[in-house]
1. Which stretch or stretches of region 111-142 have amide N atoms under 13 Å from the point lying 7 Å from V171's Cα along the Cα→Cβ direction?
2. So, R0 is 51 Å and r is the distance between the beta-carbons of E181 and Y79; what FRET efficiency does that work out to, to 0.05?
3. Could you give the nm distance between label points at Q66 and L103, where each point is 7 Å from its Cα heading toward the beta carbon?
4. Take the residue pairs K68/K143; K127/K149; K71/K143; K27/K174 and return only those whose Cα atoms are more than 28 Å apart.
5. Between Q57 and V119, what FRET efficiency follows from the Cβ-Cβ distance if R0 is 41 Å, with the result rounded to 0.05?
6. For volume of the Cα convex hull per residue in Å³, the listed values are (i) 141; (ii) 190; (iii) 110; which was obtained by calculation from the structure presented?
7. Counting only heavy atoms of the protein chains, get the accessible area per residue of the chain (1.4 Å probe) and round it to a whole Å² value.
8. Over region 33-133, what percent of the accessible surface lies on carbon and sulfur atoms, probe 1.4 Å?
Amino acid sequence: MKLINSEEKSLNGSLMKTVDILDLFIKHHNELGISDITKLTGFPKTTVFRLVNTMEQIGFLDKNIQSKKYKLGMKLFQYGSLYKDQIDLRKISLPYMKMLSELFDETVNLNVLKHGKRVCIECIESKRIIRNFVEVGLICDLKYGASGKSMLAFLSQEAINHILDECTEEVRIKKMDDLKEIRLKGYALSHSERAEGASSISCPIFNSDKQVEGSITVSGPTIRFTEELIVEIKKKLLQLSREISIKNGAVF
């Protein structure tokens, strides 16, 4: 068994505290000052000042000269962009997402399944003034919205039960019926589930293990999602999601 010396223990502790501080910016989506970080983490102010100063020097954080507060820095954006480029599903899906964007001029986003949640890894926004906004990197529940439900419906029954475990019996029964319908149709449709006045249509994407890996979604203001448009979008989504899945190794 390897013994960890005091220097390694100190380094590990500093690294964990650094990650905890960075996580605050992901959670709060705004600038934070030394006092804010100290209060939210409970770390000593001297520790926060030292770590934040180091993160600023290496580009993990940027300081607002006027407010004296910090935001995530360009270095993290560079790492994130590199990670995005390494995701095969994103590379496969991007041309199809652009096709959908050009056809319907509504927001198109790509989500992947991670630890029982969905994570948006790519988004092409509509060029219209009134549009649906989806944040890349956003982590959401699978129970609500077309993007999540289109994946949830194709998980194992055990996984579905676990995710719906916190729901009341009435809600759980309704969700199970909804998921059964999604499996039959091959797509999910939602109106004002996650955001009031927003609608979305989503299809699952499968991998070579015949497991659901992600979903591709078209979303926009409910007022524009007429029955005619919904029919057009779902028809194209079903076609393209199947093509993406095949390129991703799936066999139907």
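1. The answer is 141-142.
2. With a Förster radius of 51 Å, E is 0.80.
3. The two pseudo-label positions are separated by 4.5 nm.
4. K68/K143; K71/K143; K27/K174
5. 0.90
6. Working out volume of the Cα convex hull per residue in Å³ from the coordinates points to (ii).
7. 60
8. Ligands and nucleic acids excluded, carbon and sulfur give 57 percent.
The values are calculated or read from the model by the stated rules, or taken from the named source; none is laboratory data. Quick caveat: nothing in here was measured; it's all calculated off a predicted structure. So basically every Cβ, Gly included, is an ideal-geometry build from the backbone, and we count neighbours across all protein chains shown. Accessible surface is based on the protein model in full, side chains and every heavy atom, while ligands, DNA and RNA are left aside. Shrake-Rupley method; radii C 1.70, N 1.55, O 1.52, S 1.80 Å.
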